[in-house]
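Please read the structure below before turning to the comments.
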Amino acid sequence: MDDIQEALKAQVIWPFASVKNARLLKLDVPRGVLLTGVPGTGKTSLADVIVNEIEANGREVSYYQETGACLSKWFGESEGNIRAVFQTAKDNAPSVIFFDEIDSLGMQRSGDRVHSANHSILTTLLTELNNLPLGEVLVIAATNCPQLVDSALIRNGRFDCKFNLPLPSPPARDDILSFYLQQKMLEVDEPTMRELVEGTEGQTGCDLKTLVGSMYMSMVNRLLPGGIWLRMTKRELKERMSDLKLDIEVDIRTKLNGLREAAGAVDDAEE
C-alpha cells in the first residue's frame, strides 16, 4: 500500500498532526477519512496506524474505537450513544473516532417507513459530523460495503479522504508471508517462496497470516503427534525445533493444493 501510505501522510496525518502549519500553508485539514475494501485487507489496522503516525509526528490524541457499540435495540438510544461519543471526543480533543462497519449506522435511506429508525440514526450522525471542530476531531470510518452507505454521509465535506484498500499484489504477498514466516522462525527457499506467492493470489493479508499459522500447526502436529511436546524438556524442544525448520515444504505443498482445489471449485460453481 505504498501509494495509499503516502497519500494518507500528505492528506490526513501531517495536516492533522500540525493544524497550525497546515493552515499557514493553506492545506485542507480533513474532517473524515473513509476506508473501504473487502474483509481482511487491513482497514482496522490502518486506522490504528493513522493514530500512531499522528502521535509520532508530535500531536497526542485521544482514540475512541466504536465497532457497533453505538447501536441499540431501544428506540432513541442509538442516537444518544452517537451524541455521547462525539461529545466525549470534543471534550477530550484533539481526538480520533473510529467507526468500524459504518454502513450499520449510515445505511442508505429509502422511502420505506419501516426504516424510520435508521433515518433518525443517520440524521444524528450527519448533524454531529457537521458540528465537529475542524482540526480537533478526526473521524475514521471503515466499511466492506460502501454501496450500502448513504451518499450524504460520505460526500466531500464530511469524508473528504477516501481510500480503497486493495488485495495484496505479488510483492506485497511476498513481504507479508516473509514477515509471518520469520515470526515462526521458518526459512523457505526462493523457488518455494515464489510458488507460495503465486499460489496465494486473491488472498488478503489476514488470509496469509492464517495460512502461515495453519501450515505451522500442521507441521507441529505431524512431527510432534498427540501433543507429545507437552512432556518434553526445554532442551528436547529446541532439538526438535530444528527439525520443524527443515520440514515446512511438505505442509506448504499441502496448503497450496488445498487453495488450488478451492479456487477450482469456485470456478466450476460460477460456470
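Å³ per residue of the Cα convex hull, for region 170-270?
Cα-based convex hull of region 170-270, divided per residue, equals 104 Å³.
How would you rank 222-229, 44-51, highest first, on the average number of other Cβ atoms within 10 Å across their residues?
Descending mean neighbour count gives 44-51, 222-229.
Whole-Hz ³J(HN,Hα) for each residue in region 153-169, computed from phi via Karplus 6.51 cos²θ - 1.76 cosθ + 1.60 with θ = phi - 60°, x for glycine and proline: what do you get?
Values, residue by residue: 6, 9, 5, 4, x, 10, 10, 6, 10, 10, 9, 9, 7, x, 5, x, 6 Hz.
Could you list which residues have their amide H under 5 Å from that of Cys161, counting only those 5 or more apart in sequence or on another chain, with H placed in the peptide plane?
Gly32, Leu34
Can you say what percent of the DSSP beta bridges in the chain, counting only those with both residues inside, are antiparallel? Round to 5.
Values: 1 of 21 bridges.
Expressed as a percentage, antiparallel bridges in the chain total about 5.
So what is the relative contact order of region 170-270, in percent, for Cα pairs below 8 Å that sit 6 or more residues apart?
The value is 36 percent.
From the cross-link list Lys43/Lys209; Lys162/Lys184; Lys26/Lys162; Lys184/Lys234, which pairs have alpha carbons spaced over 25 Å apart?
Pairs exceeding the cut-off: Lys162/Lys184.
Evaluate Rg over Rh across the chain, taking Cα atoms for both radii and Kirkwood's formula for Rh.
Value, to two decimals: 1.08.
Using Cα pairs closer than 8 Å and at least 6 residues apart in sequence, work out the relative contact order for the chain, in percent.
22
At 222 nm, what helix-only mean residue ellipticity would the chain give, in deg cm²/dmol to the nearest 500, using -39500 (n - 2.57) for each DSSP H run of four or more?
Helix-only estimate at 222 nm: -16500 deg cm²/dmol.
List, in order, the whole-Hz ³J(HN,Hα) value for each residue of region 188-197 obtained from phi through the Karplus relation with A = 6.51, B = -1.76, C = 1.60 and θ = phi - 60°; use x for Gly and Pro.
Computed from phi, the couplings for region 188-197 are 10, 5, 4, x, 5, 5, 4, 5, 5, 5 Hz.
Could you derive backbone 3J(HN,Hα) for region 210-218 from the dihedral phi with the Karplus parameters 6.51, -1.76 and 1.60 (θ = phi - 60°), listing whole Hz in sequence and x where the residue is Gly or Pro?
5, 4, 5, x, 5, 4, 5, 5, 4
If you place +1 on the Cβ of every Lys and Arg and -1 on the Cβ of every Asp and Glu, how big does the dipole about the Cα centre of the chain come out, in debye to the nearest 20?
So the dipole magnitude of the chain works out to roughly 940 debye.
Of the peptides 55-65, 128-138, 31-41, how do they stack up when ordered by the mean number of other Cβ atoms within 10 Å, highest first?
Listed from highest to lowest mean packing, they are 31-41, 128-138, 55-65.
Just grab the label-to-label distance for Asn257 and Asn221, each label 7 Å out from Cα along the Cβ direction, in nm (one decimal).
Going from the Asn257 label point to the Asn221 one covers 1.6 nm.
If I stretch the segment between Lys234 and Glu60 completely, what's the gain in nm (0.36 nm per residue apart, minus their alpha carbon distance), one decimal? Mind showing how you got there, number by number?
Details: separation 174, 0.36 × 174 = 62.64 nm, distance 4.35 nm.
Extra length available between Lys234 and Glu60 comes to 58.3 nm.
Laboratory data are not the source of any read-out in this text; all were calculated from the coordinates shown. Quick caveat: nothing in here was measured; it's all calculated off a predicted structure. Please note: Cβ atoms are built from the backbone with ideal geometry, for glycine as well, and neighbour counts cover all protein chains shown.
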